[in-house]
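Note sheet for the following structure.
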Amino acid sequence: MSSHELDARGLLCPMPVIRAQSAVAKLAPGDTLVVRATDPGALHDIPAWCRVHGHHIVATAREGREIVITIGVGTGRSG
């Protein structure tokens with residue numbers, strides 16, 4: 001298991017989700033991806049995408065204007 005980071009700051013919807021999807025596709029189940037975004041829509045969009053695609057949210061936080069979402073990579077299958 002390893003941790004990775006994605007800088008999605010300055011990107012508007014739907015780009016943070018698209019970039020997260022591309023990054024997660026390269027990771028193994030059990031890895032984590034920390035997404036840093038400034039688009040407030042990411043707080044809804046990324047967790048919704050995770051539910052549909054079999055991943056889970058480990059944590060969400062706000063650091064000033066930044067939103068930090070940690071994704072736990074699943075098997076890629078919802079269920």
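The values are calculated or read from the model by the stated rules, or taken from the named source; none is laboratory data. Here the structure is a predicted model, which is why all the values come from computation and not from measurement. Every residue, glycine as well, gets a Cβ built from its backbone with ideal geometry; the counts of neighbours run over all protein chains shown. With ligands, DNA and RNA removed, areas are computed over all heavy atoms of the protein, side chains included. Shrake-Rupley method; radii C 1.70, N 1.55, O 1.52, S 1.80 Å.
Tabulated data
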{"read-out": "Nearest-ten-degree value, helix 15-25 long axis tilted from longest Cα axis of the chain", "value": "30"}
{"read-out": "Most mobile listed residue (16, 47, 29) in the chain, GNM with C-alpha springs under 10 Å", "value": "29"}
{"read-out": "In Å², nearest 10: area of residue 11 left accessible to a 1.4 Å probe", "value": "40"}
{"read-out": "Portion, in percent, of the accessible area of the chain that falls on carbon or sulfur, probe 1.4 Å", "value": "55"}
{"read-out": "Tilt relative to the chain, helix 42-53 - C-alpha long axis, 0 to 90 degrees, to 10", "value": "10"}
{"read-out": "Calculated from backbone phi, Karplus (6.51, -1.76, 1.60) coupling profile of segment 58-63 in Hz, x at Gly/Pro", "value": "7, 6, 10, 7, 10, 10"}
{"read-out": "The chain: projected area of the alpha-carbon convex hull, averaged over directions, in nm²", "value": "4.4"}
{"read-out": "Using a Förster distance of 22 Å, the FRET efficiency for residue 48-residue 2 (Cβ separation, nearest 0.05)", "value": "0.30"}
{"read-out": "Relative contact order for the chain, counting Cα pairs under 8 Å that sit 6 or more residues apart, in percent", "value": "33"}
{"read-out": "Per residue value of the accessible surface for segment 1-71 (all protein chains in place, 1.4 Å probe), Å²", "value": "56"}
{"read-out": "The chain, helix-only ellipticity at 222 nm - DSSP H runs n ≥ 4, -39,500 (n - 2.57), divided by all residues, nearest 500", "value": "-9000 deg cm²/dmol"}
{"read-out": "Charge-dipole axis of the chain as Lys and Arg at +1 and Asp and Glu at -1 on Cβ define it, positive-most pick from 29, 1, 54", "value": "54"}
